[in-house]
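Notes follow the structure.
Throughout, read-outs are computed from the coordinates displayed, never taken from laboratory work. Since we're looking at a predicted model, the values are computed, not measured. Positions of Cβ are generated from backbone atoms using ideal geometry, with glycine treated the same way; all protein chains shown enter the neighbour counts.
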Amino acid sequence: MSDTYLEALLRDGESATVEFKSDVGDLEGIGRAACSLLNARGGIIVVGVDDRGQATGVLDAQAKSKAIQRHLFQFLSPKAPCSVTTDESLGKVVLVVDAPAGQEQPYVYRGHIYMREGPHTRAARPHEISHLVEARASHETRWERCSAPGVELSDLQSDLILDTASFAQKRGLTLENTDDPTEVLRQLGLATPGSLFNSAVVLFAKQPHRFFPQTRVRTVVYDRDKSSNFTDRRDFEGNLFTLLVAVEAFVKTHVPISAKFIPGQLRREDSPAYPFSALREGLLNALVHRDYSAFTGGVSVSIYPSRIEIWNSGWLPTGLTIGDLKRDHPSLPHNPDISQVVYLRGLIERVGRGTENILEECRTAGLPAPVWKQTPAGITLTFFAREAGARFVLNSRQQELMARLRMNEVLRPAAYYQQVAPSTSQRRAQLDLVELAKAGYFMQQGKTKGTVYVRTNKPWPAAP
């Protein structure tokens with residue numbers, strides 16, 4: 001979660017979509033609040049914050065995060081794609097519980113149904129329960145929850161299923177019979193006794209294209225930006241995790257790498273034309289959020305000399321716009337069961353965060369901002385190569401720092417945190433310095449606590 005968004009969240013206070021919890025041990029209160037958000041528009045619970053929005057902090061945050069995750073998984077029904085992540089506000093560690101709008105309302109916590117009324121959680125009234133039940137009955141069953149005809153356990157990778165159970169337990173979930181693939185699938189909401197769901201095929205099938213041809217990923221490398229001639233073309237098959245590894249490897253082989261030698265050192269520094277972490281995030285988003293129900297759909301990656309396009313046959317959820325992708329936004333996964341498994345395996349930190357990470361990675365690399373475009377055919381994410389003569393744009397803090405320093409002057413990070421960036425988090429301030437070093441305005445010397453930054457003779461750009 002971006003620093004500015006979290007600070008604004010705490011400043012604006014509790015609402016129909018935001019709740020604060022100061023007591024990290026109040027699992028009952030957190031569970032009721034999560035249930036109420038799932039039964040409404042979704043929202044966020046910030047743990048380690050008092051009613052006034054002041055961060056009190058959470059000790060042993062990782063262990064507490066797992067405890068909350070385990071509690072929600074055990075006592076919320078049906079299983080819900082809630083995530084728990086650590087964050088920081090003014091030097092205090094807090095926990096952010098993300099509870100997206102549920103697609104299987106009504107959700108029940110410990111035998112009771114809860115609703116939101118303004119910033120408060122309360123028990124649902126009889127007519128509200130009836131409305132939720134009727135609405136659920138009127139909705140068509142999600143594709144990922146439909147039974148996969150003709151698919152048997154032998155068609156799935158049992159070792160990958162059991163490996164996922166291990167990841168889930170590391171996240172704090174308590175699963176039973178973790179040596180039984182069928183039981184693991186059932187507990188993760190990917191199967192019922194005697195029936196495997198389509199989501200299990202997407203995630204774990206050895207050859208999912210036998211049942212769903214639309215799971216293939218098409219990749220093409222073009223010789224020019226405006227050309228139909230290609231120099232390489234591959235169609236990849238496999239489950240989501242197999243595709244992620246294979247397509248990522250293909251893309252890496254076609255992304256130019258520039259190298260420069262570090263003065264005074266017998267090593268070189270390689271710099272890809274695009275940040276691989278951002279490309280991977282974009283590909284993962286396409287695989288997780290695409291519309292798997294469309295047999296004419298799919299995912300494609302098109303590599304041009306000056307850009308890379310990742311397309312998927314999905315759409316933005318109702319109420320979400322392209323502009324929302326550029327800032328912290330609600331979690332509204334199109335395939336919540338698939339998203340939950342990918343989250344449990346540690347491939348995504350929190351649903352809704354990936355687009356922010358992509359923007360940040362590209363900005364740090366000095367690249368133009370990537371662009372998302374939605375059409376009736378799906379969503380396309382375009383990464384742009386560095387423009388000829390493009391310059392690194394400094395933020396206001398970096399501008400102030402550069403105006404203060406002389407050539408060859410030594411800067412200690414602590415001085416920057418205290419004198420220039422006292423109102424931002426130390427993590428964000430540290431990234432300011434890393435960006436300046438990558439752009440060539442500083443030379444980083446030393447490691448960990450002994451790190452200092454030396455101003456180079458590279459001229460700095462004035463504020464636009």
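A few points about this structure:
- Zero-based 5 Å bins, Cα pair distances in the stretch 396-455, whole percents: 4, 19, 35, 29, 12, 1
- Residue among ALA67, LEU132, LEU90 farthest towards the positive dipole end of the stretch 1-157, charges placed on Cβ: LEU132
- For the stretch 3-139, radius of gyration divided by Kirkwood radius, i.e. Rg to Rh on alpha-carbons: 0.98
- Sequence of MET407, MET402 once ranked by neighbouring C-beta atoms within 10 Å, starting from the fewest: MET407, MET402
- For THR141 and ASP50, the difference between the fully extended length at 0.36 nm per residue and the C-alpha to C-alpha distance is 28.8 nm.
- Beta bridges per DSSP, both residues in the stretch 3-139: antiparallel share near 85 percent.
- Between 0 and 90 degrees, the angle of helix 354-364 with respect to the longest Cα principal axis of the chain falls at about 10 degrees.
- For the chain, a crude dipole built from +1 on the beta carbon of Lys and Arg and -1 on the beta carbon of Asp and Glu, taken about the Cα centre, is about 1440 debye to the nearest 20.
- Order of VAL247, VAL93 under a 10 Å beta carbon neighbour criterion, fewest first: VAL93, VAL247
- Fewest-first sequence of ASP98, ASP223, ASP432 by Cβ atoms within 10 Å of each Cβ: ASP223, ASP432, ASP98
- Taking label points 7 Å from Cα along the Cα-to-Cβ direction, MET443 and SER130 give a separation of 7.8 nm.
- Placing unit charges on the Cβ atoms of the charged side chains and taking the dipole of the stretch 144-210 about its Cα centre, the candidate lying farthest along the positive direction among LEU203, LEU173, GLN187 is LEU203.
- Local electrostatic count at TYR114 - Lys and Arg +1, Asp and Glu -1, tallied over other residues with Cβ under 12 Å: +1
- For the chain: rounded, prolate or oblate by the Cα gyration tensor [a/c cutoff 1.5]: oblate
- Working note: Debye formula, equal point scatterers on the alpha-carbon atoms of the stretch 144-210, no solvent; log10 I(q)/I(0) at q = 0.11, 0.14, 0.17, 0.26 Å⁻¹ is -0.22, -0.36, -0.53, -1.16.
- Stretching SER228 away from GLU409 to a fully extended chain increases their span by 59.9 nm, per 0.36 nm per residue minus the current alpha-carbon distance.
- FRET efficiency for GLU248 and VAL454, using Cβ-Cβ distance with R0 set to 35 Å, rounded to 0.05: 0.45
- Calculated FRET value between GLU152 and GLU400, using beta carbons and R₀ = 56 Å, to 0.05: 0.30
- At R0 = 22 Å, FRET efficiency that the Cβ-Cβ distance of ARG428 and PHE167 yields, to 0.05: 0.15
- Looking at the stretch 75-140, the trypsin sites (Lys or Arg not before Pro) that sit in a DSSP loop and have at most 16 other Cβ atoms within 10 Å of their own Cβ are ARG110.
- Share of alpha-carbon pairs per 10 Å distance bin for the stretch 355-449, given as whole %: 13, 40, 28, 13, 5, 1
- Under 27 Å from the Cα of LYS92 - lysines, other chains or at least 8 residues apart: LYS21, LYS64, LYS66, LYS170, LYS326, LYS447, LYS449
- Distance between the stretch 399-428 and the stretch 43-95 - C-alpha centres, whole angstrom: 32 Å
- The C-alpha atoms of the chain define a longest principal axis, and helix 61-75 lies at about 20 degrees to it.
- For trypsin sites (Lys or Arg not before Pro), the sites in the stretch 1-67 that DSSP calls loop and that have at most 15 other Cβ atoms within 10 Å are ARG41, ARG52.
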